[in-house]
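Quick notes on the structure that follows.
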Amino acid sequence: MSLPRVITDGPLSPDLDRMLHGHVELLPWSAADADRDDSVCGIYTYGHPTVDHQMIDRLPNLRVISNNGVGVDHIDVAAARQRNVAVGNTPGVLDGATADMAFALILAAGRRIVESDRLARAEDFDVQRPQVLMAHEVHGATIGIVGLGQIGGQVARRALGFDMRVLYYNRREIVDGDIAATYASLDRLLAESDYVVLTVPLSSSTTGMIGTREIELMKSTAVLVNVARGPVVDTAALTRALQEGKIRGAGLDVTDPEPLPRDHPLLSQSNAVITPHLGSATFETRRKMAELSVENLLAGLRGDTLTTPVN
Ligand SMILES: O=CC(=O)O
């Protein structure tokens with residue numbers, strides 16, 4: 001019996017290869033370039049390849065798009081819905097790892113860890129000078145979480161462990177929430193926070209949410225941390241602000257564009273700590289993401305309800 005055919009952007013991890021073996025026939029992403037392909041029933045997105053309505057239209061027998069990740073800004077979910085194609089993602093399983101990364105960036109940018117590491121390794125480093133690489137404290141500071149969802153909530157829990165005052169901004173205030181966080185307008189949050197952490201999904205309303213005006217509202221000692229999506233921040237405005245010392249630093253797990261071109265000025269800023277989109281990159285979390293996304297894919301191919309459908 002022939003296996004359902006699924007287009008994917010690989011190479012997939014060995015775990016995923018093992019989980020899919022014997023269940024589906026994998027086709028390379030380039031297979032989607034055909035004018036029309038009646039044989040393809042599924043799309044499995046591993047990185048963040050674009051699935052637009054043209055691609056969906058070229059695959060008339062498509063039943064499911066399963067995304068190995070929570071953000072689905074690269075998938076035209078509305079077009080899929082219109083065609084009755086199920087879309088699945090992996091919410092919940094990566095919140096802790098992504099919040100850990102947010103905190104790693106808070107501490108790294110806040111306490112200048114990367115600069116300190118470079119100094120400790122420098123040829124001419126001899127004795128520690130008293131004023132070298134001074135920073136500001138993380139514990140007891142005010143953190144402003146933009147997007148108190150599942151990941152933002154995990155960031156808040158960690159912040160409370162650091163005795164931080166937690167502000168958050170959402171489109172709507174959370175009533176009866178179980179986290180000791182105070183709702184603030186975005187402007188107030190930006191003005192009062194020492195660490196501003198972005199954990200919102202990318203959408204038309206969050207694209208460019210942090211630009212020149214918003215950065216101007218931030219304290220000159222504040223640090224901006226982005227574990228959401230690069231385009232939530234206006235890269236040119238952030239680069240200028242870091243160059244001019246308008247804010248103290250940035251911790252970025254995501255950038256726009258991603259990756260940054262090798263000659264991008266942001267890469268020369270020592271007050272920016274940049275990691276290449278590794279929020280979920282732990283063995284434990286990636287395993288759970290693989291299991292959930294494969295479960296969604298196989299359910300969709302069978303015509304069953306997905307475990308974690310997008311909306
Ligand atoms: O960026 C990571 C994800 O969307 O899961």
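Since every read-out is calculated from the coordinates, none of them should be taken as a lab result. Just so we're clear, the structure is a prediction, and the values are computed from it rather than from any experiment. Cβ: placed from backbone, ideal geometry, glycine included. Neighbour counts: every protein chain shown.
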Counting just the Cα atoms, what span does segment 1-117 cover along each of its three principal axes? Round to the nearest Å and put the largest first.
57, 31, 25
May I ask for the Rg/Rh ratio of the chain, computed from Cα atoms with Rh as the Kirkwood radius, given to two decimals?
1.02
Theoretical gain in end-to-end length, Arg171 to His21 [0.36 nm per residue, Cα-Cα removed]:
49.7 nm
Quarter of the Cα convex hull surface for segment 219-286, i.e. its orientation-mean projected area (nm²):
4.9 nm²
Rg to Rh ratio, segment 54-163, alpha-carbon atoms and Kirkwood radius?
1.22
Which residues make up the longest stretch of the chain that has no GluC sites (Glu not before Pro) in a DSSP loop with at most 10 other Cβ atoms within 10 Å?
1-122
Mind jotting down the three principal axis lengths of segment 95-274 based on Cα atoms? Whole angstrom, largest first.
56, 34, 29
Apply the membrane-span-like helix rule to the chain: whole DSSP H runs, Cα extent along the own long axis of at least 15 Å, mean Kyte-Doolittle hydropathy at least -1.0. List the helices found.
95-110, 150-161, 283-302
For Asn311 and Asp126, FRET efficiency with R0 = 51 Å and r from the beta-carbon atoms, rounded to 0.05?
0.30
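From the Cα trace of segment 33-102, what convex hull volume per residue do you get, rounded to a whole Å³? It would help to have the intermediate numbers written out before the result.
Details: hull volume 5.9 nm³, N = 70.
In segment 33-102, the Cα hull volume divided by residue count equals 85 Å³.
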How large is the dipole of segment 95-274 about the Cα centre if only Lys and Arg carry +1 and Asp and Glu carry -1, each at its Cβ, rounded to the nearest 20 debye?
160 debye
Please identify the longest segment of the chain free of exposed trypsin sites (Lys or Arg not before Pro), where exposed means a DSSP state other than H, G, I, E or B and no more than 12 other Cβ atoms within 10 Å.
37-170
